[in-house]
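First comes the structure, then the notes that go with it.
Just so it is clear, none of the values below were taken in a lab; they were calculated from the coordinates. Computed from a predicted model, the values in this text were never measured in an experiment. Quick reminder, even Gly has a Cβ in these numbers, built from the backbone with ideal geometry, and neighbours come from all protein chains shown.
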Amino acid sequence: MHAAAVVALLVLLPPLAAAQDANCAPASCGNLSIMYPFWLRGRQPSYCGYPSFGIDCDTAGSAPLLNDSYLRVLDIHYGNSSLVAFHTNLAADDPTGCGATKFNMSATIALSVLATSRANWELFLCGNCARRPPAEWLPINCTGSSGAPWFVFLSHDEHGGGADQEIAAAGCQYSAVPVLPGSELRAPGDYAGLVRRRFLLEWKVPGDCAACDASGGQCRFDAGENAFRCLCPDGSSQPATCARGEFTDPTIPYEPSISFTGLLDLISVRC
């Protein structure tokens with residue numbers, strides 16, 4: 001291969017890498033920093049994050065929507081894989097809050113990699129009870145299908161059995177709304193505000209992005225293979241991490257590419 005070709009190649013490669021920098025680089029949406037497993041819909045390729053974690057950034061200033069769902073994202077904690085959100089139906093202009101009696105959080109996040117955090121407290125709404133509910137349950141101005149009143153109580157044990165046992169003993173239908181710790185339910189009038197409070201969700205997506213980053217790689221998701229990929233500096237896409245000793249620019253996105261060695265071989269054939 002001619003020396004001039006080698007020089008031309010070495011001069012050309014850095015600008016090519018720089019031209020790709022913006023594709024999956026961390027981005028901003030309001031006060032949120034968007035990076036893997038999230039990606040900005042309409043502004044970044046979908047391989048920059050997990051498919052159902054596309055963020056719709058609202059230019060009007062509203063909290064961004066998660067993947068065109070009912071969930072609006074207020075904060076993202078990458079260190080412990082959690083986010084703070086609220087449900088648009090619960091935050092709707094309903095002064096009574098009675099819409100929450102038909103709310104099903106499990107259906108909201110069904111078939112997703114999100115789960116309500118055990119750190120949440122839970123607001124239970126119970127109606128059509130077969131027996132008199134406990135005295136500490138507060139009546140609210142909503143009625144069930146039989147015209148019987150609904151009651152509400154706040155449990156500090158989101159996944160505990162105590163609340164379930166009380167509800168079963170009273171023979172009630174119920175729905176439940178997660179709320180952040182620190183909420184207070186002192187009077188029936190507090191209820192409508194509580195159902196509109198934010199709550200904590202946690203995610204668990206394929207792959208260990210922190211390990212990929214530590215190895216010098218970049219986190220990507222291959223939707224065709226439905227698998228996590230670690231993009232390495234030689235252009236290869238690995239299932240977990242890059243080989244030790246490699247170095248990469250953390251802004252270079254995943255693109256089908258030829259390795260540096262392969263490119264040299266290709267030039268050698270043509271020279």
(message) Quick query: amide H of residue 75 versus all other amide H atoms, modeled in the peptide plane; which residues come in under 5 Å with a sequence gap of 5 or more or a different chain?
(response) 84
(request) Work out from phi, with θ = phi - 60° and the Karplus expression 6.51 cos²θ - 1.76 cosθ + 1.60, the ³J(HN,Hα) of each residue of the range 172-184, listed in order in whole Hz, and give x for Gly and Pro. (result) 9, 7, 7, 10, 9, 10, x, 9, 5, x, x, 5, 10
(request) Mind listing the long-range amide H neighbours of residue 32? Cut-off is under 5 Å, sequence gap 5 or more, other chains count too, H placed in the peptide plane at 1.01 Å from N. (result) none
(message) Going by amide H atoms built from the backbone, whose H comes under 5 Å of the H on residue 142, apart from near neighbours?
(response) 150
(request) Highest first, please rank the peptides 26-32, 149-155, 70-76 by the mean number of other Cβ atoms sitting within 10 Å of their residues. (result) 149-155, 70-76, 26-32
